[in-house]
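Accompanying notes for the structure given below.
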Amino acid sequence: MFFKRSHPGESAVVTNRSADHAETGGDETPTVAARPRPLEASELRHVVNPSSLGFSTTDDLSPINGLIGQERALKAIQFGADIKSHDFNMFVLGPPASGKTTAVKAHLGPKAAEGPVPPDWVYVYNFENPNRPKALQLPSGRARQLSKGMIAALDELRGVLPVRFESEDYQTRRRAIDEQFRSGNEEALDALSKKAQAQNIALLRTPTGFAMAPMHEGKVVKPEVFNALPEAMRRDVEHKIAALEKELAAILERLPATEKRRRQQLSELNEEVATSAIREALVELHASFSDVPEAAAYLEAAGQDMVRNVGLFLATGDEENAIVRRPTDSAQDPRFRRYLVNIMASNGGSGATGAPVIEEINPTYGNVVGRVEHLAQMGTLVTDFLLIKPGALHKANGGYLLVDARRLLLSPFAWEALKRAIKARQIRIEQPTEVSGVVSTQTLDPEPIPLDVKLVLFGDRELYYLLAANDPDFPRLFKVQADFDDTIARSSANDNAYARLIASVVKEHGLKPLDASAVARVIDEGARLAEDREKLSIELGRISDIVREADYWSSQAKRKVTSREHVARAIEEQLQRADRLRDRAQETITRGIVLVDTEGAAVGRINGLSVVQLGTFAFGRPSRITARVRVGSGRVTDIEREAKLGGPLHSKGVMILWGFLAGRYALDLPLALAATLVFEQSYGGVDGDSASSAELYALLSALSEVPIKQSLAVTGSVNQQGEVQAIGGVNEKIEGFFDVCRARGLKGEQGVLIPRSNVQHLMLREDVVEAVKDGRFAIYAVKTIDEGIEILTGVKAGERGPAGPFAPGTINRRVEDKLKSFAERGRSVAKSAGDDSEGSTEF
């Protein structure tokens with residue numbers, strides 16, 4: 001039974017029904033039950049004897065790697081790592097802080113180290129299609145060699161090419177070409193000028209071109225003088241000028257072709273000089289990558305592009321005189337970005353061996369599949385192939401990628417992108433806005449990179465089954481389920497393995513050693529966390545927290561070795577930091593705000609036990625449960641359900657009560673019962689069936705009118721056969737009632753009834769065990785309702801005799817008699833109502 005209460009509110013007064021005993025057998029003397037035997041103190045807590053561990057401190061132990069008792073999960077991981085199919089990816093299930101990730105890494109590490117080192121991948125400039133960067137596959141460790149080689153070549157060319165183009169040999173050859181074409185043009189113009197002079201016409205060079213004008217005695221005639229000449233003379237001069245202009249036009253028409261030939265020869269000269277220098281700069285790099293055709297083809301294309309754009313390497317006069325110089329590092333110079341190499345995956349550096357094992361702790365879209373970044377320049381977003389950033393898939397390509405499933409699902413677009421990559425077996429970098437159809441500034445379409453990765457997702461069981469049920473792609477892509485157990489069986493071998501696990505925590509965090517008593521106390525707490533004294537919890541996070549906090553208290557006490565008392569204090573301090581609400585709940589009971597009796601007896605009233613769960617902290621709290629009965633139509637009313645405070649499991653438990661009553665007591669007669677059940681002063685939701693046995697005890701008490709001892713509390717569910725069934729949180733429930741009784745004073749009468757099947761789960765606090773050992777508190781294990789009602793009332797439950805009825809004076813006889821009286825009254829009422837109805841039909 002789990003429920004929460006929002007506030008104490010007003011106390012509800014329960015009035016016990018005092019029905020007369022007529023016709024019920026209630027005047028019979030109750031048959032006293034035998035004195036019950038409570039559980040022994042040794043049955044309440046399974047503790048480890050420190051001497052049985054066989055060591056003095058954890059320094060004597062060799063730390064254990066990975067997990068213990070997880071053969072099923074580790075076998076699944078082994079299978080998932082070995083199988084080569086791309087769709088046999090793994091999903092690792094298990095509780096948080098159970099060491100799943102650490103165990104998987106420890107298992108995959110050696111496996112990956114034995115595997116081949118995957119190739120390197122780079123993006124380079126696509127000289128044919130700049131918007132589609134080329135993806136190059138290189139042998140492992142060669143990506144950085146290519147990148148550094150290109151930078152070294154650029155650095156060399158920045159120094160060599162200006163020298164080559166400023167050399168005397170180059171300048172001489174260039175002047176020769178210029179003189180060749182300049183002399184031919186000048187000869188033609190000089191001949192035309194002499195011919196014009198012979199006709200007293202001057203050929204003039206102006207800023208806008210050539211012009212012709214009449215001359216007289218070697219001087220140009222002014223326009224006003226020319227206009228004053230006779231018309232015949234002017235006409236003659238104009239005809240001469242027109243003829244000479246035609247010859248000039250013919251000469252000028254030949255100049256562009258001549259200039260084109262000059263530029264072509266100069267370009268050939270520049271290409272010859274540049275090719276020689278660039279070939280020399282790239283020759284070593286060509287030789288290094290002659291075994292990689294794709295890289296060799298790229299170097300050839302890059303060299304040709306450098307020749308075409310040799311001017312990028314030559315400083316202009318403006319640059320030489322500029323205050324802000326170009327970067328001396330070629331990798332930072334924007335002119336040469338197209339010749340750089342963008343490394344996406346480099347796996348062979350620093351003596352690396354084997355396949356990579358990558359854990360992505362922030363699996364956003366860009367961090368998983370990569371992204372294309374942009375730079376803001378002059379109010380515009382620009383990008384190039386060097387702004388392509390690798391994702392976890394690039395880094396893990398050829399190896400293993402570990403991702404937390406919940407974080408992946410919470411990142412927009414990431415889950416779908418990851419599935420697309422696995423199904424297509426290639427990494428395609430796209431902007432999420434492009435995938436969703438939203439306009440983007442993205443202008444690059446990088447070539448996809450082939451993908452060969454084994455994906456390992458981590459999550460809890462609920463998430464796994466939700467994905468399996470709702471995502472049709474999930475079971476097709478994640479076919480290996482590695483299910484980590486929450487607990488392991490408790491045995492001498494596992495206790496020793498647990499001690500080695502604690503030693504590994506000590507070593508990992510650099511803590512002081514724990515002595516055997518401290519380790520034994522941690523093992524005991526592991527059983528407590530497992531809620532089973534035959535099991536040990538392997539929530540390594542919580543165990544590690546206890547060990548580290550115990551180390552702190554050991555340091556505070558200035559001890560060199562952590563002992564049992566420090567572990568006990570660590571556990572106590574953890575609880576104290578979280579138990580404010582528990583103390584508040586206990587206070588409301590102690591002050592009488594919430595009504596819970598711990599002495600006396602009452603009819604139809606019982607102390608039920610529930611657990612309040614707050615995160616990882618849980619505590620038990622007693623609640624008063626009351627039952628009222630009367631003649632009715634055979635209905636047991638659950639007030640919690642009617643008030644919409646009861647959950648479906650609680651309602652199911654109440655319905656089972658009706659089945660038990662009808663099956664045991666109403667074999668020949670109708671069940672003419674109207675009963676109400678309620679958790680008094682419950683102001684929050686109620687769910688679970690762990691209080692169904694307590695509710696049944698209250699009903700039996702109300703029907704038999706035999707009081708229940710209020711010094712006892714009850715937990716356990718019940719079936720229609722009257723068998724008491726196991727429930728959860730048994731330790732917290734017992735301790736919750738114990739704390740209330742201790743606050744009021746333990747008198748040796750108080751105790752708790754639990755299902756017998758829950759005895760194996762008992763790992764009670766040491767103070768509870770001591771109280772039981774001293775006879776101040778008792779815990780009773782019951783298997784049936786009959787056993788429980790005898791302990792609660794001190795009256796025998798009774799069995800049916802050969803003639804049919806239960807033995808007189810027993811609880812079952814009194815209940816059966818009461819229900820018979822209810823049935824008879826119901827028939828009497830029904831008959832009276834029928835006679836009245838018949839009499840009223842005649843007028």
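About the Cα centre, and with charges only on the beta carbon of Lys, Arg (+1) and Asp, Glu (-1), how big is the dipole of the chain? Nearest 20 debye, please. Provide the component values of the computation, followed by the final result.
On the way: 107 positive and 115 negative charges, 87 e Å.
For the chain, the charge dipole is close to 420 debye.
Of the cross-linked pairs Lys733/Lys818; Lys796/Lys831; Lys100/Lys419; Lys652/Lys709; Lys535/Lys558; Lys219/Lys260, those separated by over 29 Å at the C-alpha level are Lys733/Lys818; Lys796/Lys831; Lys535/Lys558; Lys219/Lys260.
Helix-only arithmetic for the chain: the sum of -39500 (n - 2.57) across DSSP H runs with n ≥ 4, divided by the residue total, places the mean residue ellipticity at 222 nm at -14500 deg cm²/dmol. Applying the Karplus relation 6.51 cos²θ - 1.76 cosθ + 1.60 with θ = phi - 60° to the range 101-109 yields 3J(HN,Hα) values of 5, 4, 5, 5, 4, 4, 7, 7, x Hz, where x marks Gly and Pro.
Peptide packing: for 293-301, 390-398, the average count of neighbouring Cβ atoms within 10 Å per residue gives the ranking 390-398, 293-301, highest mean first.
Among Arg35, Arg542, the sequence by solvent-accessible area, most first, with a 1.4 Å probe is Arg35, Arg542. Across the chain, the relative contact order, built from alpha-carbon pairs under 8 Å that are at least six residues apart, equals 20 percent. Compared with the dominant principal axis of the Cα atoms in the chain, helix 580-590 is inclined by about 20°.
What FRET efficiency, computed as 1/(1 + (r/R0)^6) with R0 = 56 Å and r the Cβ-Cβ distance, is obtained for Arg800 and Glu462, rounded to the nearest 0.05? Mind showing how you got there, number by number?
Values: r = 47 Å, r/R0 = 0.83.
Working from the Cβ atoms, E equals 0.75.
Each 10 Å bin, from zero up to the one with the longest distance, holds this percent of the alpha carbon pairs of the chain: 2, 9, 13, 12, 12, 11, 9, 7, 6, 5, 4, 3, 3, 2, 1, 1, 0. Toward the positive end of the charge dipole of the chain, with +1 on the Cβ of Lys and Arg and -1 on the Cβ of Asp and Glu, the farthest Cα among Gly608, Thr102, Gln576 is that of Gln576.
Karplus-derived 3J(HN,Hα) values for the range 272-282, using 6.51 cos²θ - 1.76 cosθ + 1.60 with θ = phi - 60°, are 4, 5, 5, 4, 4, 5, 5, 5, 5, 6, 9 Hz; glycine and proline are entered as x. Under 17 Å Cα-Cα from Lys84, which lysines qualify once same-chain neighbours fewer than 8 residues away are excluded? Reachable lysines: Lys75, Lys111, Lys423, Lys454, Lys479. The range 757-792 and the range 521-540 have Cα centres spaced 20 Å apart. Mind checking the angle between helix 168-198 and the chain's longest principal axis? C-alpha axes, 0 to 90 degrees, to the nearest 10. Once rounded, the angle reads 50 degrees. Cross-link partners for Lys395 among the aspartates and glutamates, with Cα-Cα distance under 13 Å and sequence neighbours closer than 8 places in the same chain left out: Asp120, Glu359, Glu360, Asp452. Using the average count of surrounding beta-carbon atoms within 10 Å as a protection proxy, the listed peptides 662-673, 206-217, 359-370 rank, highest first, as 359-370, 662-673, 206-217.
Computed from Cα positions, the angle between helix 71-82 and the longest principal axis of the chain comes to roughly 20 degrees.
Think of the chain as a dipole: +1 on every Lys or Arg Cβ, -1 on every Asp or Glu Cβ, centred on the Cα centre; then among Ala797, Gln760, Ala405, Gln760 lies furthest on the positive end. Once all protein chains are placed together, Arg500 keeps about 80 Å² accessible to a 1.4 angstrom probe.
The values are calculated or read from the model by the stated rules, or taken from the named source; none is laboratory data. Values in this document were obtained by computation on a predicted structure and should not be read as measured data. Counting neighbours? That spans all protein chains shown, and the Cβs are built from the backbone with ideal geometry, glycine included. Ligands, DNA and RNA are excluded from the accessible area calculation, which covers all protein heavy atoms including side chains. Shrake-Rupley method; radii C 1.70, N 1.55, O 1.52, S 1.80 Å.
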